[in-house]
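K.L.:
I am attaching a structure below and will ask some questions about it afterwards.
The values are calculated or read from the model by the stated rules, or taken from the named source; none is laboratory data. Keep in mind the model is a prediction, meaning the values are calculated, not measured. Backbone-built Cβ (ideal geometry, glycine too); neighbour counts: all protein chains shown. Ligands, DNA and RNA are stripped out before the accessible areas are found, and what is left, the full protein with its side chains, is counted by its heavy atoms. Shrake-Rupley method; radii C 1.70, N 1.55, O 1.52, S 1.80 Å.
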Amino acid sequence: MAKSDDLVKYITQQVVTYIETPKEVRQQVNAMSKEQRESWQTRWFGMLPLATRMLIDQAKPKK
């Protein structure tokens, strides 16, 4: 019983914090997190796209 009470209390605190935060501040935080996020290629495949690109660049004949 105590676990469910704690969960309800935590969710209530999070909702109240979200509601009390001004919309502009939430948008700024969201924009900053999007800027800091890695590209989808890196998130999905790690360093493979970079390694592949480096390998292709090395294989190309230089002019």
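K.L.:
Which condition does I19 not pass, out of (1) open to solvent by 100 Å² or more (accessible area, probe 1.4 Å); (2) in contact with a helix residue (DSSP H, G or I) (Cβ under 9 Å, 6 or more places away or on another chain); (3) among the β-branched types (V, I, T), if it passes all the others?
P.N.:
Among (1) open to solvent by 100 Å² or more (accessible area, probe 1.4 Å); (2) in contact with a helix residue (DSSP H, G or I) (Cβ under 9 Å, 6 or more places away or on another chain); (3) among the β-branched types (V, I, T), the lone unmet condition for I19 is (2).
K.L.:
Something else: Please list, ordered by first then second residue, the pairs with beta carbon atoms under 9 Å, 6 or more apart or interchain, first in the range 23-46 and at pLDDT 85 or above, second part of a helix (DSSP H, G or I) and of a type in the set (F, W, Y).
P.N.:
R26/Y18
K.L.:
Looking at (1) under 15 Å from the mean Cα position of the chain (by Cα); (2) loosely packed, with under 10 Cβ neighbours inside 10 Å, which is the one condition that is false for K62?
P.N.:
Of the numbered conditions (1) under 15 Å from the mean Cα position of the chain (by Cα); (2) loosely packed, with under 10 Cβ neighbours inside 10 Å, the odd one out for K62 is (1).
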